[in-house]
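Step one of this worksheet: look at the structure below.
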């Protein structure tokens, strides 16, 4: 039999025992989660109570693992999960050593046998974790030093954007180190393959079992290494198929007006089913590994007890799973209760990108009015100067995208603009839309929404800053506007002219420390936003806005990160996301975050331009 056939046969045998393996594995997992949920919540609660922070946001939970206490808590969680794997593997391995065809009887006997040896197994699990950590630590340390040496002088975005060779060289070296680590782990794990069997079935002390296993595996390790690689490949292939099906299901969820709550609920349900499928896969794969390793152990087989009441055993197993479910629900309930005591409400401003550009043509009075109607906190617009000195709302340098007209904005007069239809490209119903003036937009928004003005130049600046100032002050809207630009000197000039005005830096990529730039806020690509950037921006006393966020899952993730503003083409949708999140527990919010992290999205339409 080929090595591949041996592995697939092992999976087949594990699948044949799925009615026993999966519930037992799931029951132990549920009990582990019941321990983890309140424990982690209590630890986070304690950390917050010892700090000067009165509330807890979702991103604080994520950032917590980077603290010493959080790192320790993470190790505890990993140890609990590894203990579950050890216990589950022990039950599966033991069930395979019993003679007899009654799988329910032999599996229940195996469970009892393992429980009677739980002390030895816990010691074995602790020694196993320590041995693995000692193997991983030097490789991780070297990899960290290399990355710090190669990319530690500036922000990582600097290396990704302006010095890719140095970053790629460091990443390549780290990849080689990780491959070496994988080889060493494969070598050691294959030599330890019989250690657990020796502890369980021959009574060898856990600390001696590893050396004895190495001796007994001499001459067999090459075969096992090949089978382990195939075992991992099969498991990975199945998990990718499950991920593809889940992603396809989520992407088929329709997003229609007024049904966002249903769509988000369905997406969370699919992710939960995805997680359940992965747990089933984990149980079957662990069972397959037990089958593989059992083929290398030559110890005596065990005799199952005479009890033959399969129905009674099913009832006991069902009760075990039920206890696990009740414990998990109780643990999650306790965890949510602890987290709610320090959780902060969502505080984020909704900024309508070029107006409500998802439902109206961009930078038109129609999109501005719609954004105001959608109760956007800010209406974001782009402004430039015309040939006759007017300040108008326009993003591009010419009208090719909007109207198929090659006329540039700095060569156009207001009379020219009155002839150019900038709405029909979106829908013929907007054929009357013309390029609006800054004055008209400000007047429409006054007292309803604030206006975020982006200064555009394209190398043809005449006196844009002073002309914007004159219009704003004419309408008395100094406290209802903010100004930003991709051109940092323009931001500095505006701050010099009107130091009391709210100004910000717009950034598509990060070079160095963005928080050191002058300004009241940063507006960055959502792909740049992470926990570190949020914390750094807050520490600098600035706000962080992200663009252009149109997917409700990404909106939820950005809110969980703790950003201060969402720049979006869909302000009404953003309000729906906030309303939906208001009814969620911290656990459900983290589940939404996880859904987005898995690369899934619920974007309902195509957006012509999401650039700043």
*Is there a residue being in a loop (DSSP other than H, G, I, E, B), modelled with pLDDT of 90 or more and either surrounded by 17 or more Cβ atoms within 10 Å (Cβ to Cβ) or assigned by TED's automatic domain parsing to the domain that holds residue 365 (or both) anywhere in segment 484-495?*
no
*Please find, among 96, 127, the residue that is assigned to a helix (DSSP H, G or I) and either loosely packed, with under 15 Cβ neighbours inside 10 Å or at pLDDT 85 or above (or both).*
127
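Give the residue, chosen from 189, 266, 260, that is farther than 30 Å from residue 589 by Cβ, touching a helix residue (DSSP H, G or I) at 6+ places or on another chain (Cβ under 9 Å) and at pLDDT below 90.
Values: 266 fails: farther than 30 Å from residue 589 by Cβ; 260 fails: farther than 30 Å from residue 589 by Cβ.
When all the criteria are applied, what remains is 189.
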*Of the residues 461, 427, which is out of contact with any strand residue (DSSP E or B) (no Cβ under 7 Å at 6 or more places or on another chain), assigned by TED's automatic domain parsing to the domain that holds residue 523, in contact (Cβ under 8 Å) with a residue 12 or more places away in the chain and within 11 Å of residue 385 (Cβ to Cβ)?*
461
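Would you mind stating whether residue 563 is in a helix (DSSP H, G or I) and either more than 36 Å from the chain's Cα centre (by Cα) or in contact (Cβ under 8 Å) with a residue 24 or more places away in the chain (or both)? Outline the logic, then answer.
Numbers: in a helix (DSSP H, G or I): no; either more than 36 Å from the chain's Cα centre (by Cα) or in contact (Cβ under 8 Å) with a residue 24 or more places away in the chain (or both): yes.
In short, no.
If you check 380, 390, which single one turns out to be surrounded by 17 or more Cβ atoms within 10 Å (Cβ to Cβ), touching a residue at least 40 places away in the same chain (Cβ under 8 Å) and under 21 Å from residue 466 (Cβ atoms)? Give the steps one after another, and end with the answer.
Working: 380 fails: under 21 Å from residue 466 (Cβ atoms).
Exactly one of 380, 390 is surrounded by 17 or more Cβ atoms within 10 Å (Cβ to Cβ), touching a residue at least 40 places away in the same chain (Cβ under 8 Å) and under 21 Å from residue 466 (Cβ atoms), namely 390.
Every residue, every condition in (1) closer than 17 Å to residue 347 by Cα; (2) assigned by TED's automatic domain parsing to the domain that holds residue 359; (3) modelled with pLDDT under 80, yes or no:
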{"residue": "529", "(1), (2), (3)": "yes, yes, no"}
{"residue": "540", "(1), (2), (3)": "no, yes, no"}
{"residue": "552", "(1), (2), (3)": "yes, yes, no"}
{"residue": "556", "(1), (2), (3)": "yes, yes, no"}
{"residue": "577", "(1), (2), (3)": "yes, yes, no"}
{"residue": "587", "(1), (2), (3)": "no, yes, yes"}
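Quick check on this structure: which one of 106, 74 is at pLDDT 65 or above and surrounded by 19 or more Cβ atoms within 10 Å (Cβ to Cβ)? Write out each step before concluding.
Values: 74 fails: surrounded by 19 or more Cβ atoms within 10 Å (Cβ to Cβ).
Going through 106, 74 in turn, just one is at pLDDT 65 or above and surrounded by 19 or more Cβ atoms within 10 Å (Cβ to Cβ): 106.
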*residue 316 is checked against (1) modelled with pLDDT of 90 or more; (2) within 24 Å of residue 14 (Cβ to Cβ) and fails just one. What number does that condition carry?*
(1)
*Can you find even one residue in segment 441-448 that is outside any helix (DSSP H, G or I), modelled with pLDDT of 95 or more and surrounded by 21 or more Cβ atoms within 10 Å (Cβ to Cβ)?*
no
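Per-residue answers, yes or no, for (1) in contact (Cβ under 8 Å) with a residue 12 or more places away in the chain; (2) in contact with a strand residue (DSSP E or B) (Cβ under 8 Å, 6 or more places away or on another chain); (3) outside any helix (DSSP H, G or I):
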{"site": "172", "(1), (2), (3)": "no, no, no"}
{"site": "183", "(1), (2), (3)": "no, no, no"}
{"site": "186", "(1), (2), (3)": "yes, no, no"}
{"site": "189", "(1), (2), (3)": "yes, no, no"}
{"site": "193", "(1), (2), (3)": "yes, no, yes"}
{"site": "207", "(1), (2), (3)": "yes, no, no"}
{"site": "242", "(1), (2), (3)": "yes, no, no"}
{"site": "245", "(1), (2), (3)": "no, no, no"}
{"site": "249", "(1), (2), (3)": "yes, no, no"}
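Got a sec? Which of 397, 359, 406 is more than 21 Å from residue 484 (Cβ to Cβ), within 41 Å of the chain's Cα centre (by Cα) and at pLDDT below 95? Talk me through it step by step, then tell me what you get.
Working: 397 fails: more than 21 Å from residue 484 (Cβ to Cβ); 406 fails: within 41 Å of the chain's Cα centre (by Cα).
One residue alone meets the criteria, 359.
In segment 544-554, what residues are assigned to a strand (DSSP E or B) and touching a residue at least 24 places away in the same chain (Cβ under 8 Å)?
Keep residues of segment 544-554 that are assigned to a strand (DSSP E or B), which gives 544-547.
Selection gives 545, 547.
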*Restrict the check to segment 457-476 and report whether at least one residue is in contact with a helix residue (DSSP H, G or I) (Cβ under 6 Å, 6 or more places away or on another chain) and closer than 30 Å to residue 579 by Cβ.*
no
_Among residues of segment 407-419, those that are within 19 Å of residue 367 (Cα to Cα) and buried (at least 17 other Cβ atoms within 10 Å of the Cβ), counted_ = 1
*Give just the number: which of (1) at pLDDT 90 or above; (2) buried (at least 18 other Cβ atoms within 10 Å of the Cβ); (3) closer than 20 Å to residue 298 by Cβ does residue 231 not satisfy?*
(3)
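The values are calculated or read from the model by the stated rules, or taken from the named source; none is laboratory data. As the structure is a prediction and not an experimental result, all values here were calculated from the model. Positions of Cβ are backbone-derived with ideal geometry, glycine not excepted, and every protein chain shown enters the neighbour counts.
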